[in-house]
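As structure tokens, the structure follows; a few thoughts come after it.
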Amino acid sequence: MVQQVTRGIKISVETTFEGTFYKNHKMRYAFGYKITIANQSKDSVQLMARHWRITDALSAPETVAGEGVIGKKPVLKPGESHTYSSGCLLNSAFGAMQGFYQMVNFTTTRNFKVKIPVFKLSAPFALN
């Protein structure tokens, strides 16, 4: 598990290798990840957007950005957490993801970024 705390918001990431399959005559590697966002601050916050940088050992890095996470913009009061699962496809058995969440603090009404730490994606059969 990888963890990072930014401005009282703790991000925890767990990854899984889901398997391989062929798409358009190419081998693809499927990875899943589960993220828990825990509000350890004294203020209520809301996740508004996400920004990802996905690195694949065989391809150029890809940027993915959008509103919320899996169609939600969770509000977290102090002490609350939100967990969701998602995934990505890579062209190789190795890669990594990192990024940030754009959040708003309800007390100050200010936007701020919460860092999502780098987490590795690797197929177990490809490791020594």
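The set of residues from the range 27-63 being surrounded by 13 or more Cβ atoms within 10 Å (Cβ to Cβ), among the basic types (Lys, Arg) and more than 19 Å from residue 3 (Cα to Cα) comprises just one member, 28. Here residue 66 clears all of (1) under 24 Å from residue 1 (Cβ atoms); (2) assigned to a strand (DSSP E or B); (3) in contact (Cβ under 8 Å) with a residue 12 or more places away in the chain except the condition numbered (1). Is the range 108-118 home to any residue that is closer than 17 Å to residue 3 by Cβ, surrounded by fewer than 15 Cβ atoms within 10 Å (Cβ to Cβ) and modelled with pLDDT of 95 or more? For the range 108-118, residues closer than 17 Å to residue 3 by Cβ, surrounded by fewer than 15 Cβ atoms within 10 Å (Cβ to Cβ) and modelled with pLDDT of 95 or more: present.
Listed here are the residues, each with its yes/no results for (1) closer than 22 Å to residue 121 by Cβ; (2) over 18 Å from the mean Cα position of the chain (by Cα); (3) of a type in the set (A, V, I, L, M).
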| position | (1), (2), (3) |
| --- | --- |
| 38 | no, no, yes |
| 50 | yes, no, no |
| 79 | no, yes, no |
| 92 | yes, yes, no |
| 96 | yes, no, yes |
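Scanning the range 107-128 for residues that are free of Cβ contacts under 8 Å to residues at least 60 places away in the same chain and not in a loop (DSSP other than H, G, I, E, B) turns up 125, 126. No other residue among 12, 85 is exposed (fewer than 14 other Cβ atoms within 10 Å of the Cβ), part of a strand (DSSP E or B) and polar (S, T, N, Q) apart from 85.
The values are calculated or read from the model by the stated rules, or taken from the named source; none is laboratory data. Everything numeric here is computed off the predicted structure, so don't read it as measured data. A quick note on method: Cβ atoms are made from the backbone with ideal geometry, for glycine too, and the neighbour counts reach across all protein chains shown.
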